[in-house]
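Please find one structure pasted underneath; my questions will follow.
The values are calculated or read from the model by the stated rules, or taken from the named source; none is laboratory data. It should be emphasised that the depicted structure is a prediction, and the values quoted were computed from it without experimental measurement. Here the Cβ positions follow ideal geometry from the backbone for every residue, glycine too, while neighbour counts run over all protein chains shown.
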Amino acid sequence: MLVFLIIWAKLFYLQILDVSLKISSENNSRRKVVVYPARGLIYDRNGVLLVCNEAAYDLQVVPGQVKEFDTLALCNDLGIDIENFRSRFEKCKKYSSYRPSVFFKQINSRQYAKIQEHLYKYHGFFVQNRTLRKYNEGIAAHVLGDVGEVNLDMLNADSYYAVGDYAGKSGVEQYYEKELRGIKGTEYLLVDVHNRVQGSYMDGKYDSVAIPGKNLVLTIDSELQKYGEKIMQNKLGSIVAIEPSSGEILVMVSSPGYDPQLLVGRSRGKHFDSLSNVSAKPLLNRAISPNPPGSIFKIAQAIVGLQEGVISKNTFYSCDKSKIGCHNHPPCIGVERAIQYSCNPYFYFVFKDLVQRKKDPSIFKDSHIGLDLWKEKILTLGFGKAFDIGLPSVKKGFIPGSDHYDKKYGKYRWAFSTIFSLSIGQGEIMATPLQLANFCAIISNRGYYYNPHIVRNIGEEELTGPNTQKVFTPFDKSYFDMMVEGMDYVVNQDYGTGFYGRIPGVKVCGKTGTVQNPHGKDHSVFVAFAPKDDPKIAIAVYIENAGFGGVWAAPVARLVMEKYLTGEISDEEFEKRIQEAVLIESTE
């Protein structure tokens, strides 16, 4: 009886409690294969295919099914040594002896053909079909992003993923991951003792079909994007161009850039580490990263000053260089000329009158009240806001309020004299090139904008919602008319600082900025839109450590706008000079 009870207990344990034999038995006769869906394709606004898929394969193994075989032959097929083989096998065995795991990932078609010929010899090994991304044009890496293996956080956050799966890691590949990835299918196959597929299990009764991911149509113009990247070679900075009538982003260049194909395949990790260690930070998307806006911000000061009644169209302030430095120019007879000449003292006094409202006898409390009123209006112009454009990690910049200075200096222990550098877009003010381009679109539209966005269609559906609706600012249209005139003078009249932004036959309105940089040479900034009375493009160019805004940023903007509006460049020598200019050390 004792022997019988022992045998019965052992059988109960093996058949009921211990599932390893059941799993091993099932895996020996039946194989569950995940059918990965085709990832959605990505097109530009004109139907140019930017991202597609190409075949790849993962060699998987069930360690418990592996029998003695010629390991050297498999190593030769895969191009690895015996130590590498043992390390990979132990890792798979540690994961599970009875469930499949990836032994060698992303095998190309040539290697697959070689392995498939010998696969019957490698009992316990089989091939799982995969796809790899192919970035056809080699452009817009920061927009498109990349795809990589899921990490532990993603596995814990989303039950869709399993070990060895891939997902978007940056750009639209990450932001629209759920739309692009599709839905996995499952296929059950019968296999014989030699690991050879004999057919479908139960005639496919338990199979499920994979559903392909949705295609994306971007708002980007790939030819203009390619041109912008070429012009920005050997320059540190960014270009953002927006269609004012829709909010669609036409160009988003971050320089230095990189070929997105570098982050595909088994060499992804090596290339990612290499790019991460470059001092110029090519992985950083500068178009959505904040910097001081400099003199571009004077236009915002003027709009708020007009709205709040502290200035009018013809308000005059003398160019008092004892208050703040400035260059030589004619007197600023009115706000439009102040924008044309980019007069620092003029906007010093505008900001002073905005902050010191005489709402409290204490200059400290009065500045506290005035700054918060100013900030409230500035935020309505799209500053201090992280736009939902269809990319991850968009920064919101920074517009300081009284709380910031209370924390920094103590409550009621600061006044206008502490913060006057804000008047010319310096100090703590931070804005992204995306925000500057959108601000320029607001001016071109005379007071409204559409939320900037980078995707036009998801599958067959056009993008709808907030991105398709006008966002009105709380300012009178007449104030924007004044800004347009001032920006016209900047580019097209004598003493204007943006004359390098002129395009033959096209009326361009713009504003230059030279951003003080305590760590080196000043930054060059320019915003513009064109044509003046029927704007098709609004643009912001930010070139770090390049000096005056009118010297480098304005010419870059001019070339991109001319290329978009006319399809050609009228001055090839001018184009060559700008394109070949080296404003940073090589990042090779």
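Check Phe351, Phe364 and return the single one that is among the hydrophobic types (A, V, I, L, M, F, W, C), buried (at least 24 other Cβ atoms within 10 Å of the Cβ) and part of a helix (DSSP H, G or I).
From the options Phe351, Phe364, the qualifying one is Phe351.
Does Pro466 meet the test of being over 29 Å from the mean Cα position of the chain (by Cα), under 24 Å from Gly247 (Cβ atoms) and surrounded by fewer than 17 Cβ atoms within 10 Å (Cβ to Cβ)?
On the way: over 29 Å from the mean Cα position of the chain (by Cα): no; under 24 Å from Gly247 (Cβ atoms): yes; surrounded by fewer than 17 Cβ atoms within 10 Å (Cβ to Cβ): yes.
Judged against the criteria, Pro466 is not a match.
So, in the stretch 540-560, exactly how many residues are outside any loop (DSSP other than H, G, I, E, B) and either without any contact (Cβ under 8 Å) to a residue 24 or more places away in the chain or in contact with a helix residue (DSSP H, G or I) (Cβ under 8 Å, 6 or more places away or on another chain) (or both)?
11
Sort through Glu83, Glu68 and tell me the only one that's free of Cβ contacts under 8 Å to residues at least 24 places away in the same chain, over 17 Å from Gly265 (Cα atoms), in a loop (DSSP other than H, G, I, E, B) and of a type outside the set (Phe, Trp, Tyr).
Criteria check complete, one pass: Glu68.
Continuing with the same structure: Which is of a type in the set (Phe, Trp, Tyr), assigned by TED's automatic domain parsing to the domain that holds Tyr227 and within 20 Å of Ile231 (Cβ to Cβ), of Phe499, Phe480?
Going through Phe499, Phe480 in turn, just one is of a type in the set (Phe, Trp, Tyr), assigned by TED's automatic domain parsing to the domain that holds Tyr227 and within 20 Å of Ile231 (Cβ to Cβ): Phe499.
Sticking with this one: Is it the case that Lys313 is at pLDDT 95 or above, basic (Lys, Arg) and assigned by TED's automatic domain parsing to the domain that holds Lys377?
yes
Can you pull out the residues in the stretch 488-536 that are of a type in the set (Val, Ile, Thr) and out of contact with any Cys (no Cβ under 6 Å at 6 or more places or on another chain)?
Val490, Val491, Thr497, Ile503, Val506, Val508, Thr512, Thr514, Val515, Val525
From the list Ala55, Ala113, Ala140, which residue is under 39 Å from the mean Cα position of the chain (by Cα), buried (at least 20 other Cβ atoms within 10 Å of the Cβ) and of a type in the set (A, V, I, L, M)?
Among Ala55, Ala113, Ala140, only Ala140 is under 39 Å from the mean Cα position of the chain (by Cα), buried (at least 20 other Cβ atoms within 10 Å of the Cβ) and of a type in the set (A, V, I, L, M).
So, one more: Of the residues that make up the stretch 514-524, is at least one under 20 Å from Ser444 (Cα atoms), touching a strand residue (DSSP E or B) at 6+ places or on another chain (Cβ under 9 Å) and in contact (Cβ under 8 Å) with a residue 12 or more places away in the chain?
Checked against the condition, which is being under 20 Å from Ser444 (Cα atoms), touching a strand residue (DSSP E or B) at 6+ places or on another chain (Cβ under 9 Å) and in contact (Cβ under 8 Å) with a residue 12 or more places away in the chain, the stretch 514-524 yields no hits at all.
Also, quick follow-up: Could you list all residues from the stretch 155-181 that are touching a Gly at 6+ places or on another chain (Cβ under 9 Å) and either modelled with pLDDT under 90 or among the small types (Gly, Ala, Ser) (or both)?
Ala167, Gly168, Ser170, Gly171
Take the stretch 291-320 and flag every residue that is closer than 19 Å to Trp374 by Cβ and either of a type in the set (Asp, Glu) or within 22 Å of the chain's Cα centre (by Cα) (or both).
Residues satisfying the conditions are Pro292, Pro293, Glu308.
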